[in-house]
Amino acid sequence: MNIFAAIADPVRRSLLEQLAREGPTRVVDLTRGRGISRPAVSRHLRVLGDAGLVRAIDHGRERHFELVTDALAEVSNWTATLTAKSASAPQPPVAGHHLDALGLEVRRTVRERGTQPGTRHTAASSTATGEIA
């Protein structure tokens, strides 16, 4: 099974988290507090085992499951590529808050001069209105 499909289920992710926290654990202990049956937990563990994320260790009559951290390398590598891609994404030459400040200044200047945005304020138009350039 695909590792990403295996960790897509929230119950399986919580099983992995518990195994990471507690180490090798019996199915009965993994079932406690989950609100699902022991056979359901066993099915989830089988899926995780098929993906290579957990392995069963027999201790006499008991079977303990442990996390296989090496199997998580594929997930770590994938997230590392995403992180690297976002870190190397081209950044705009000017930060957005600077452009906002520029827009505010343009509106203020237009209001003070009484001109319409988009029209050019030239010496010819200034002399026509009586302003000195």
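Here, each number is a calculation from the coordinates, and none is a lab measurement. Keep in mind that what you see is a predicted model, and the values were worked out from it rather than measured. Counting neighbours? That spans all protein chains shown, and the Cβs are built from the backbone with ideal geometry, glycine included.
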- Message: Skipping prolines and chain starts, which residues have an amide H placed within reach, meaning under 5 Å, of the one on ARG26, given they are 5 or more residues away or on another chain?
- Response: PHE65
- Query: Most exposed first by the Cβ proxy, i.e. fewest other Cβ within 10 Å, how do ILE36, ILE3 rank?
  - Reply: ILE36, ILE3
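By counting other Cβ atoms within 10 Å of each Cβ, how are SER37, SER42 ranked from fewest to most? Walk me through the intermediate numbers first.
Values: SER37 10, SER42 14.
Lowest to highest Cβ neighbour count: SER37, SER42.
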- Whole-Hz ³J(HN,Hα) from phi, Karplus 6.51 cos²θ - 1.76 cosθ + 1.60, for segment 26-36, glycine and proline x: 6, 4, 4, 6, 6, 6, 4, x, 8, x, 10
- Note on the structure: Final fewest-first order of VAL11, VAL28, VAL47 on the 10 Å Cβ neighbour count is VAL28, VAL11, VAL47
- Note on the structure: Residues meeting the amide H criterion for VAL68 (H placed from the backbone, H to H distance under 5 Å, 5 or more places apart or on another chain) are VAL54, ARG55
- Short version: ³J(HN,Hα) in whole Hz for each residue of segment 52-63, in order, from phi by Karplus 6.51 cos²θ - 1.76 cosθ + 1.60 (θ = phi - 60°), x for Gly and Pro, what are they? x, 8, 9, 9, 8, 10, 8, 10, x, 8, 9, 10
- Query: Tell me, what HN-Hα J-couplings in whole Hz come from the Karplus equation 6.51 cos²θ - 1.76 cosθ + 1.60 at θ = phi - 60° for each residue of segment 17-23, using x for Gly and Pro?
  - Reply: 4, 5, 5, 5, 6, 9, x
